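In what follows, a structure is listed as structure tokens, so that the remarks can point back to it.
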Amino acid sequence: MLLGRSFQVIGIPWPDLNDGLFYNDVVKPPDSGKSLIHFYSCKYKSSAPLEGWLQRIKNEQITIDGEVITDPETILRIGSELVYRRLPWKEPDTPFSLEILYEDDEMIALNKPSGLQVLPGGVFQQRTVLTQLQWWSSDQSFSISEELHPVPVHRLGRGTSGILLCAKTKLARTQFAAYFADGTSSVIRNSTSEEGTKRKISKIYRALVTGIIHDDEVSVDQPIGRMQYPGVAQGLYVATPSGKPACSKVNVLERDEQGEHTLVQVEIQSGRPHQIRIHLSSIGHPLLGDPLYVAGGQPNCLHSEVVNQSFAEDGGYERPMKPVPGDCGYYLHAHQLILYHPKTNEKGFLVLLKVVKIVAPLPPILRTRSEAEDFHN
């Protein structure tokens, strides 16, 4: 097992406003002859309603070939370059500090706090783990000869805390991509046999669920797929027979009969988005505090109106009024990660396999009673 530095904290406080965004388009033959407002309101109708795009045009946020255009009826010509500038905005309050649990020349593992998004998306364009990694690596590059470009190689939900694995090199990115493509499993052995090396990564989570799970072990193999859901442009992941295969192994750690809660450990043998939240809710035990998924692995308030059709100050839609995947409040923690180190030799073959085990300290609410006593002692 490799040993690395731990508990170093990185992170820079967020500026009040982000830098805004620029979206570029080149007019293609099918769009030649269309009006500016027709192009944006039809192609990007999920970004803003018609009135919102009119506001953006009149607010001088769109240029054609470098010239600001305020007439929404301007006719587009093939090959013209369009740029829409989204004005800077204040993103929601978000943690910024990250613990380094493990680091070497190839990889870095961070302890992500709940509430921090991993990659840019939606209202979170700057306040993400990726931004903090970029800021940190730019400082580190002054003291080393090779510039660093660490990037997350998987995602954790915004409300999920714990281990986030990041690659520093192209080699590590390639190896980790292969690991995750192959799936995850609890079986990692110190062996070079085909069976022992088939799976090269294991992810173990802690979660607190509603209700009492009576069986000590439960295997969940509910397929996960997407459905249309207002406020989620790419569709919402849910339990559905037509989805992709997914497997989770749930072990009960402690039952709270009085509070009607169960503390569980979950090993995932696939990596579908929101898998643990969906699987536990599909067996009738949603995560405690989960605002989105309810029993059956379906979203809360599915048949209710979930989008405010008025538009916000920047012309875009107001935030959905009902739960969306990025909402926090549930208790899920990526507790342990066990993997083969990605380092290879000059010929490209794996060297003598080294197993790295990384552990993220547990939040108090996800500790068993004995773990809590040990911590305080």
Compute the relative contact order of region 21-86 as a whole-number percentage, counting only Cα pairs closer than 8 Å that sit 6 or more residues apart in sequence.
51
Return the distance in nm (one decimal) between the two label points of a simple spin-label model at D182 and M321, each offset 7 Å from Cα along Cα→Cβ.
5.0
What is the sum of charges, Lys and Arg at +1 and Asp and Glu at -1, for the other residues whose Cβ falls under 11 Å from the Cβ of H333?
+3
With θ taken as phi - 60° and the coefficients 6.51, -1.76 and 1.60, list the Karplus ³J(HN,Hα) couplings across region 260-275 in order, rounded to whole Hz; mark glycine and proline as x.
6, 10, 10, 8, 10, 10, 10, 9, 9, 9, 8, x, 6, x, 6, 4
For region 21-86, the Cα gyration tensor yields equivalent-ellipsoid semi-axes (√(5λ), largest first, whole Å) of 16, 13, 11
So how do K343, K28 line up by other beta-carbon neighbours within 10 Å, fewest first?
K28, K343
What is the gain in length, in nm to one decimal, between A295 and V151 on full extension, counting 0.36 nm per residue of separation less the C-alpha to C-alpha distance?
48.4 nm
Would you list I212, I10 from fewest to most Cβ contacts within 10 Å?
I212, I10
Convert each backbone phi in region 96-103 into a coupling constant with the Karplus relation 6.51 cos²θ - 1.76 cosθ + 1.60 (shift: θ = phi - 60°), then list the ³J(HN,Hα) values in order as whole Hz, x for Gly and Pro.
10, 7, 10, 8, 8, 8, 7, 8
Fewest-first sequence of D19, D31 by Cβ atoms within 10 Å of each Cβ
D19, D31
Tell me which residues come under 5 Å, amide H to amide H, from I201 once H is placed; ignore anything under 5 positions away on its chain.
S185
In sequence order, calculated HN-Hα J values of region 222-230 (Karplus, 6.51, -1.76, 1.60; Hz; x Gly/Pro):
5, x, 10, x, 10, 9, 5, 8, x
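The numbers here are math on the coordinates, done by the rules we state, and not lab data. Computed from a predicted model, the values in this text were never measured in an experiment. Neighbour counts are summed over all protein chains in view; Cβ atoms, including those assigned to glycine, are modelled from backbone coordinates with ideal geometry.
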